[in-house]
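K.L.:
Mind looking over this structure? Questions follow.
The values are calculated or read from the model by the stated rules, or taken from the named source; none is laboratory data. Keep in mind that what you see is a predicted model, and the values were worked out from it rather than measured. Cβ placement follows ideal geometry from the backbone for every residue including glycine, while neighbour counts extend to all protein chains displayed.
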Amino acid sequence: MEQKRDIEGREDVEFLVSTFYHKATRDELIGHFFTEVAAINLEEHLPVMYDFWENILFQTGRYHGGMMYKHILLNAKEHMLPHHFERWFALFTQTVDDHFVGPRADEAKRRAQMVIQTMPLKLGGTLFP
Ligand code: HEM
């Protein structure tokens with residue numbers, strides 16, 4: 001069995017994010033946001049996500065923002081609803097817990113939860129005043 005340890009660097013971040021995307025893009029509830037609504041090119045999108053999470057966990061300064069704007073555009077095409085956010089968060093925490101344990105693993109889940117708690121309000125406030 002895999003011995004769990006904390007997220008220790010870029011390689012672990014890439015593993016975590018790509019494993020999460022493998023699940024999220026195939027998920028029955030949220031997969032279509034990636035594959036159809038935004039129809040992202042994973043080869044371009046994944047490195048951005050690696051930078052985003054590496055910056056959160058290791059303060060690299062490599063991610064330059066604009067995350068909310070992307071989700072506002074996405075939400076305008078198809079509304080992101082509470083059950084979508086719940087599924088995103090469940091898949092993310094499950095992926096972290098499946099492979100990692102420690103303070104950075106906890107921090108990743110905590111930061112994801114913070115975004116999950118505020119993003120619906122920001123989207124709602126922007127689009128449905
Ligand atoms: C229902 C939940 C979510 C769905 C369906 C979703 C879906 C997506 C999609 C399809 C994109 C690509 C948009 C594009 O390039 O046009 C994207 C970008 C992104 N998402 Fe999410 N997302 C969700 C929640 C989150 C959460 C909770 C976080 C952070 C913890 C997050 C972080 C990001 C980041 C950093 C980007 C890249 C933005 C950029 O290109 O700079 N997302 N998301």
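K.L.:
With the requirement that a residue be free of Cβ contacts under 8 Å to residues at least 12 places away in the same chain and among the polar types (S, T, N, Q), what does segment 1-26 give you?
P.N.:
The one that is free of Cβ contacts under 8 Å to residues at least 12 places away in the same chain and among the polar types (S, T, N, Q): Gln3.
K.L.:
Pick out the one residue from Glu14, Glu8, Glu86, Glu28 that is within 12 Å of the ligand (Cβ to nearest atom) and either more than 22 Å from Leu123 (Cβ to Cβ) or not aliphatic (A, V, I, L, M) (or both).
P.N.:
Selected residue: Glu86, the only one of Glu14, Glu8, Glu86, Glu28 that is within 12 Å of the ligand (Cβ to nearest atom) and either more than 22 Å from Leu123 (Cβ to Cβ) or not aliphatic (A, V, I, L, M) (or both).
K.L.:
Among the residues of segment 27-49 satisfying the criterion of being in contact (Cβ under 8 Å) with a residue 40 or more places away in the chain and β-branched (Val, Ile, Thr), which is surrounded by the fewest Cβ atoms within 10 Å (Cβ to Cβ)?
P.N.:
Val37
K.L.:
If the requirement is being within 30 Å of Gln3 (Cβ to Cβ), touching a strand residue (DSSP E or B) at 6+ places or on another chain (Cβ under 9 Å) and buried (at least 16 other Cβ atoms within 10 Å of the Cβ), which of these qualifies: Phe100, Phe92, Phe52?
P.N.:
Selected residue: Phe100, the only one of Phe100, Phe92, Phe52 that is within 30 Å of Gln3 (Cβ to Cβ), touching a strand residue (DSSP E or B) at 6+ places or on another chain (Cβ under 9 Å) and buried (at least 16 other Cβ atoms within 10 Å of the Cβ).
K.L.:
Looking at (1) among the charged types (D, E, K, R); (2) more than 10 Å from the ligand (Cβ to nearest atom); (3) part of a helix (DSSP H, G or I), which one does Lys70 not meet, given that it meets all the others?
P.N.:
All conditions are met except number (2).
K.L.:
Shifting gears a bit: Looking at this structure, is Met114 within 11 Å of the ligand (Cβ to nearest atom), surrounded by 15 or more Cβ atoms within 10 Å (Cβ to Cβ) and modelled with pLDDT of 95 or more?
P.N.:
Considered against the rule, which asks whether it is within 11 Å of the ligand (Cβ to nearest atom), surrounded by 15 or more Cβ atoms within 10 Å (Cβ to Cβ) and modelled with pLDDT of 95 or more, Met114 comes out as no.
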